[in-house]
1. Could you give the length gained on full extension between Thr601 and Tyr157, defined as 0.36 nm per residue of separation minus the Cα-Cα distance, in nm?
2. Trypsin sites (Lys or Arg not before Pro), restricted to region 564-658: which are DSSP loop and have at most 13 other Cβ atoms within 10 Å?
3. Could you tell me the convex hull volume per residue, in Å³, taken over the Cα atoms of region 1-149?
4. Kirkwood Rh over Cα pairs of region 225-304 into Stokes-Einstein at 4 °C, 1.567 mPa s: D in µm²/s?
5. In terms of Cα to Cα distance under 17 Å, which lysines are near enough to Lys159, apart from those fewer than 8 places away along the same chain?
6. Using the structure shown, select from Lys512/Lys608; Lys2/Lys216; Lys97/Lys117 the pairs with a Cα to Cα distance greater than 23 angstrom.
7. Using the Karplus curve 6.51 cos²θ - 1.76 cosθ + 1.60 with θ = phi - 60°, work out ³J(HN,Hα) for each residue of region 381-388 in order, rounded to whole Hz, and write x for Gly and Pro.
8. Once you have the Cα-Cα distance between Ser171 and Arg374, take 0.36 nm times their residue separation minus that, and quote the gain in nm to one decimal.
Amino acid sequence: MKYRAEIDGLRALAVVPVILFHAGFELFSGGFVGVDVFFVISGYLITTILIEDLENQRFSLVSFYERRARRILPALFFVMFVCIPFAWMWMLPSQMKDFSQSLVAVSLFASNVLFWKESGYFDAAAEEKPLLHTWSLAVEEQYYVLFPIFLFLAWRYGKNRVFWMIVVMASISLLLSEWGWRNKATANFYLAPSRAWELFAGSIAAFIVQKQGVRKNNYLALLGLAAIIFSIFAYDETTPFPSVYALVPVLGVVLLVLYADKETMAAKILSTKLFVGIGLISYSAYLWHQPLFAFARIHLIEYPPFTLMLTLSFASIMLAYFSWMYVEKPFRNTSKVSRTSVLFISISGMACFTFIGLLGNFYSKDFESNWLNRQTLEVQNIYEALSMSHPTNSNWGASGENIQEITACVFNVRELNEQIESRILECRERYGKGLLVLGDSHAIDLFGVIASRRENPFLIGVTRGGCRPHDNFKFCHYDRVLDFINSYSSVFELVIYEQAGYHLLRKQDGTKGSRSMFSELANDGAVMDVTVDEEHIRLTSEFLNSISDIVTVNWFLPRAEPHIRSNLVLNRGCGYQYSYRPNLYETFEMLDEYITESVKTDFDERIKAVSQNDMFRFNFPTDFLSCETVYWSDGEHFSASGEEYFGRRITPDLFHNE
């Protein structure tokens with residue numbers, strides 16, 4: 001296979017934005033597309049190698065898997081090995097258990113499945129998982145296992161038919177991803193079936209290049225380069241991915257593969273020493289960056305500052321050069337490392353890390369006991385309180401994954417279906433009109449607050465983390481709830497709505513609101529340059545107004561969220577003067593005032609705005625924790641004890657139509 005320097009340069013264009021995106025630099029808001037660029041490159045290179053082997057009748061699965069093992073496993077095992085002592089020293093017991101499971105999954109090429117299974121709205125912070133980034137390696141590894149077998153078996157039907165088979169499979173996968181982000185967003189992100197079309201795009205490009213060579217077209221090559229750069233800076237975490245949006249960077253790579261002849265401007269740019277140099281070590285750089293970032297976030301009391309994350313970004317490049325020079329290169333050299341040695345090291349490494357991971361998982365309770373024995377009594381008590389307040393355990397009346405089943409007619413679900421609707425109608429017959437709590441994960445808290453008072457015999461919650469009317473993804477619950485209310489107008493006396501406040505805010509520069517606006521600030525860092533998101537407030541108000549045509553709506557306005565890290569609590573204990581960051585509470589007061597005036601002016605007071613901040617009257621540090629319990633679970637949600645604690649402050653008249 002002829003070497004193309006611009007492909008290595010393209011790898012640099014992929015890995016640097018990924019690193020800077022994960023480091024938290026907002027300028028590279030779409031840096032995650034670098035993973036998609038890698039997928040296309042891998043599809044192109046692997047397919048080219050396989051076609052050449054098949055055409056020259058030297059195809060061998062053993063040889064292919066050997067080359068992949070030489071390329072992938074040594075550096076991966078080295079990084080995993082380095083992670084283990086830092087995990088032992090710095091991780092909390094719950095984090096250590098998750099890390100142990102990831103060691104097993106990475107060793108078995110299934111980490112994408114693990115992280116899909118673990119992912120949920122209340123999952124431990126993804127950015128604190130050192131091996132999270134290996135999900136993309138798992139997707140590629142699954143492709144490496146299956147695609148050569150497919151190509152070998154299909155080759156008998158002729159090269160042209162194989163090409164069209166791949167086109168059909170790519171089209172199905174793309175359609176699946178387009179359906180997936182609307183209906184199964186997490187599975188769509190992590191799993192191979194909805195990512196395969198990106199690898200197949202590279203395969204398709206390989207067939208074309210094999211047939212007609214690399215064509216010289218300056219304009220199309222530059223268009224491809226521009227498409228990748230555009231997506232790096234224009235996309236953000238709200239962009240559905242993968243989906244048709246991913247066509248922009250994917251087709252950008254395809255255009256470069258097809259038309260970036262070495263004489264084109266795009267190829268000359270990508271072939272410069274800097275691009276090629278970073279491209280050569282891009283795999284190791286990708287491996288190193290996430291562990292560095294994750295352990296920094298785990299170990300520090302405050303969120304790592306800009307300067308540290310920039311330093312760690314450079315450190316990942318330096319470590320990448322070391323592992324490329326002393327790990328990757330030697331193992332790729334067949335004269336230095338034999339096939340037998342590669343096989344032995346691969347199997348031994350997989351077995352060893354699987355064994356270590358299984359030990360860490362099965363003996364997680366012993367690890368927790370040993371960890372607690374090394375701590376002071378105060379840390380032990382605070383750790384116990386934090387464990388009890390963890391979001392997966394912390395909603396009042398919850399069982400399983402935050403399914404709140406308190407009585408036959410007091411329950412909270414993620415969505416409506418025919419069975420749930422029939423149950424609600426039976427409750428209507430038994431108790432008369434009921435109360436509906438609607439919203440995102442913050443509404444799950446509100447349901448617990450109201451349920452903890454034990455005053456409403458007919459209380460229904462339909463709440464789902466990550467779902468809000470201003471986004472209203474297809475998998476969200478709002479449309480069906482509205483249809484149900486339209487069909488059965490006398491079921492509910494009152495609908496109460498709540499959602500996270502930061503999604504109703506934005507930066508002055510137009511950047512959409514996210515929890516990072518608060519959580520990534522220093523503990524004494526002031527909230528600045530934040531204003532209301534008029535569009536999100538308008539869309540939410542319009543949805544609530546459509547409900548108010550049928551039943552009264554109370555909008556419980558967003559509560560001020562402290563965003564205090566568990567690391568700080570463990571370090572400072574229960575006697576520390578925890579407080580809101582400067583200007584954070586005032587920002588939520590501003591949001592209160594804007595929404596209240598907006599619904600009064602634009603919707604003729606058909607929606608009643610209720611200030612939770614006035615209702616709960618938060619007074620820190622008293623309302624953050626005591627030495628026995630923590631009232632907040634993750635910096636923004638109430639814990640179970642918090643729901644009951646704050647539930648005593650509300651008056652019953654807020655839950656009746658007046």
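The values are calculated or read from the model by the stated rules, or taken from the named source; none is laboratory data. Nothing here was measured: the structure is a model prediction, and the numbers come from that model. Please note: Cβ atoms are built from the backbone with ideal geometry, for glycine as well, and neighbour counts cover all protein chains shown. Quick note on the areas: whole protein, heavy atoms, side chains included, nothing else; ligands and nucleic acids left out. Shrake-Rupley method; radii C 1.70, N 1.55, O 1.52, S 1.80 Å.
1. Between Thr601 and Tyr157, full extension yields an extra 153.0 nm.
2. Arg617, Arg648, Arg649
3. So the per-residue Cα hull volume is 125 Å³.
4. Estimated via Stokes-Einstein, D reaches 84 µm²/s.
5. Candidates past the 8-residue exclusion: Lys211.
6. Flagged as over cut-off: Lys512/Lys608.
7. 5, 5, 4, 4, 5, 5, 4, 5
8. 67.5 nm
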